[in-house]
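Notes to accompany the following structure.
The values are calculated or read from the model by the stated rules, or taken from the named source; none is laboratory data. Source: prediction; values computed, not measured. Neighbour counts run over all protein chains shown; Cβ positions are idealised from the backbone, glycine included. With ligands, DNA and RNA removed, areas are computed over all heavy atoms of the protein, side chains included. Shrake-Rupley method; radii C 1.70, N 1.55, O 1.52, S 1.80 Å.
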Amino acid sequence: MAASPELIKQAKQAVGQQAAQLVASGMVVGLGTGSTAAFMIEALGERLRRGEIQGIRGVPTSFQATVLARQAGIPLTSLDEVEEIDLAIDGADEVDPHKNLIKGGGAAHTREKIVASLARELVVVVDESKLVERLGSTFPVPVEVLPIAVMPVMRALTKLGGQPELRMAVKKDGPVITDQGNMVVDVKFADIPDPAALEARINNIPGVVENGLFVGLAGRVLVGHVVDGHPQVRVW
Ligand code: 5RP
């Protein structure tokens, strides 16, 4: 039987809390975006308040992460000030058996990929519904695009074999606008046999800022699942 939304939420919370335990005093931490990363940020703030760790600095991957980190009392820094990130912790929309990811459900994948690429390790926090055999089976590939290039980029993505759709906003008329002022095109592919090749080909289209295929970036994956009605976390 499928777990209830409440149990899935509890699994995400358990994963976020366990990921926060990986942070040690003095670390520079990449703060991910999304509902699972939000639980991690909250738990990290709690650890700081309890005095379990000191002297950490967060690098937020989005406006959402910035606001949550401030609320949680986590001191922030930026990529202007740090060259390397000790640990980045972030969610994902899909994880394949090689730990390749699709990200960008929150339209934050550009900053998320920059932060992940500078991190010694990207720890991925997901519930088990995100585990897939093949990337693209449940989620389209998000592509951040400069507004002036949306139509040519959509035509180029169609030529690559995808079905592109401009992401529309909820509770705002018109398209989603990213934290960088760009738009997002979600691209459904029937199959993604070579994620690394597709990642490079999409990014090679003029006007594309970044796409949500994360290949070879993930380290540990913390998976929240429900056993006998109780949330549990396994580390992969
Ligand atoms: C945002 C992301 C998120 O990490 C991803 O969408 C997962 O979110 P959630 O933890 O809410 O399921 O990539 O751009």
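Label sites at Glu6 and His98, each approximated as a point 7 angstrom past Cα along Cα to Cβ, lie 4.1 nm apart. With a 1.4 Å probe and every protein chain left in place, tell me how much accessible area Thr138 has, in Å² to the nearest 10. Accessible area of Thr138: about 90 Å².
Mind running the shape call on the range 1-154? Use the C-alpha gyration tensor, a ≥ b ≥ c as the square roots of the eigenvalues: rounded below 1.5 for a/c, prolate if a/b tops b/c, oblate otherwise. Judged from the Cα gyration tensor, the range 1-154 comes out oblate (a/c at least 1.5, b/c at or above a/b).
Taking 0.36 nm per residue of separation and subtracting the Cα-Cα distance, full extension of the segment from Glu83 to Asp194 would add 36.9 nm. In the full protein context, the chain carries 47 Å² of accessible surface per residue, based on a 1.4 Å probe and ignoring ligands, DNA and RNA. When a 1.4 Å probe is rolled over the protein heavy atoms, the share of accessible surface on the chain that falls to carbon and sulfur comes to 54 percent.
Counting only DSSP beta bridges with both residues in the chain, tell me the antiparallel percent, nearest 5.
Of all bridge pairs located within the chain, approximately 55 percent are antiparallel.
By the combined test of axial Cα extent (at least 15 Å) and Kyte-Doolittle hydropathy (mean at least 0.0), the qualifying DSSP H helices of the chain come to 35-49. When a/c is below 1.5 the answer is rounded, else prolate if a/b is larger than b/c, else oblate, so apply that to the range 13-60 with a ≥ b ≥ c taken from the square roots of the Cα gyration tensor eigenvalues. In terms of gyration-tensor shape, oblate.
Taking trypsin sites (Lys or Arg not before Pro) in DSSP loop states with no more than 10 other Cβ atoms inside 10 Å as exposed sites, the chain has its longest site-free stretch at 51-170.
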